[in-house]
Every structure is written in C-alpha cells, then in structure tokens.
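Worksheet for the structure shown next.
Quick note: the coordinates plus some simple rules give every number you see, no bench work behind them. Worth saying up front: this structure is predicted, and the values here are computed from it rather than measured. Note: ideal-geometry Cβ built from the backbone for every residue, glycine included; neighbour counts use all protein chains shown.
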Amino acid sequence: MNVPACQIYLISPLDVGGAFPDRLARALDAAPVAAFQLRIKNFDDHAAAKLAEPLQRICADRDVAFIVNDSIGLARRLGADGVHLGQGDGDLADARAKLGREAQIGVTCHDSRHLAMEAGEGGADYVAFGAFFPSSTKDTQHRAEPELLQWWSSLFELPCVAIGGVTPENCAGLVRAGADFLAVSHAVWGGDEAAAVRALDSAIAKALAERAN
C-alpha cells in the first residue's frame, strides 16, 4: 500500500452475506481500489472465515489488498494481506509477530498526533485519522481536521488514511491536505456501488490535479 498520490480504501458494511460478493466485484471493477477492509461483528472466526473467503478471492483476482478489521486471529487464519487495529483491538507487536513482516498493519489514531507517532515507531504500515465528517456507519467520538493530514504528510513518509463520513462531495480537502487513502463505506454501499466508486475516483483525480498546482 506504499504508493504515491491518493487511493480508495473500501470498508465493508456489517452485512456481507447474500448478494454482497457481487456488489463487491462491481465496486472493484468500477475504478481502481487499493484495499478492501472486512469489518464484521459478532461472528466467531469459523463463521467469519466462511463469509470472508469469497470476498478474499474477489480481491485477490483484482490485486486489491484484503485487510481484516480488529481480529489478528482471523487475519492469520485467512492468510489476509493485513489487519487494521483500533485502539484496544490488539497489540501491534503481537500482530507483527503473528502475521509476519509482509503483512500490512494499520492503526486507528483518531485525531491524535501522539498515537500516530507511537504507531509509526511501533512498526505500523499506515495510520488512520478521523472522523473528518459525521458518519452514518459508526458513532464518532473523535473529530479530526484536514490540518492533521497536512502536518503528518509533511513530516512522515508513512501513509495516512482519512476516515469518517468521506464522500465524493466532501473529499477534495482531504486529498489536497495530503491523505494517501480515503476510507469509505456508506458512501459506496448506501447506493449504487459502481457509480459511487467512479464518482469518488473522479473527485480524487480532480483534487490531485489541484494539489499538484
């Protein structure tokens, strides 16, 4: 995931059963997506793995990184490309020991410079800041400002992800501020996923052109 510019980091809805694999394929075929994060709750690892397997294949076929949210054990069981850890969801050093050097490990840092620097020093592959906007996907207890992205990207090479209520309509300021990835969920799954991914890709491209100037 260490790539230039800004890319889409797609996060699953909580319900990934039924026709969701087809929706994921449509979304990933619509425009370039760097990573897909599986975020499901209240499943044991066996049930979660059964839901994850078709989604992981869809991502592998398209060279999209498959990241598991919260669970180091599930990421290891699936041989996922990585794991995303919230504060209190697992130890970064433990995740590295269990998943190996090649795993992509991300850490939620909310609006905290201290947590981000701590994650970077601990060997994270990326840090996630947010929420930048009100989110319909989850309760937001922390609000971040675009200046945080600007500060981080000006001092550190470690990629940063902007998360929280991101849409094609409001993402330009985050891209211009230096976000390496935009994490989106409801903006895509709340409607036509293919159209939403194309709109987001177009908005990113426009903002990157503005950033270059």
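List of remarks:
- Most tightly packed first, judged by the mean number of other beta-carbon atoms within 10 Å of their residues, the peptides 169-176, 116-123 read 169-176, 116-123.
- Where only DSSP H runs of four or more residues are counted, the chain gives -13000 deg cm²/dmol as its mean residue ellipticity at 222 nm, each run worth -39500 (n - 2.57).
- Of the peptides 19-30, 103-114, 179-190, the ranking by mean beta-carbon count within 10 Å, highest at the top, reads 179-190, 103-114, 19-30.
- The separation of the range 35-64 from the range 76-98, counted between C-alpha centres, amounts to 15 Å.
- For the range 87-95, the Karplus equation 6.51 cos²θ - 1.76 cosθ + 1.60, evaluated at θ = phi - 60°, returns couplings of 5, x, 9, x, 8, 4, 5, 5, 4 Hz by residue, with Gly and Pro reported as x.
- Under-5 Å amide H pairs with Gln104, H placed in peptide plane, nonlocal only: Gly82, Val83
- Along the range 35-40 the Karplus relation, 6.51 cos²θ - 1.76 cosθ + 1.60 evaluated at θ = phi - 60°, assigns HN-Hα couplings of 8, 10, 10, 7, 10, 10 Hz to successive residues, with x for each Gly and Pro.
- Highest average first, the peptides 93-100, 80-87 ordered by how many other beta carbon atoms sit within 10 Å of their residues are 80-87, 93-100.
- Matching label, Rg and Dmax of the Cα atoms in Å computed from the structure shown, candidates [x] 15.9, 50; [y] 23.8, 81; [z] 15.8, 43: [x]
- Calculated FRET efficiency, Glu147 to His46, Cβ-Cβ distance, R0 = 35 Å: about 0.20 to the nearest 0.05.
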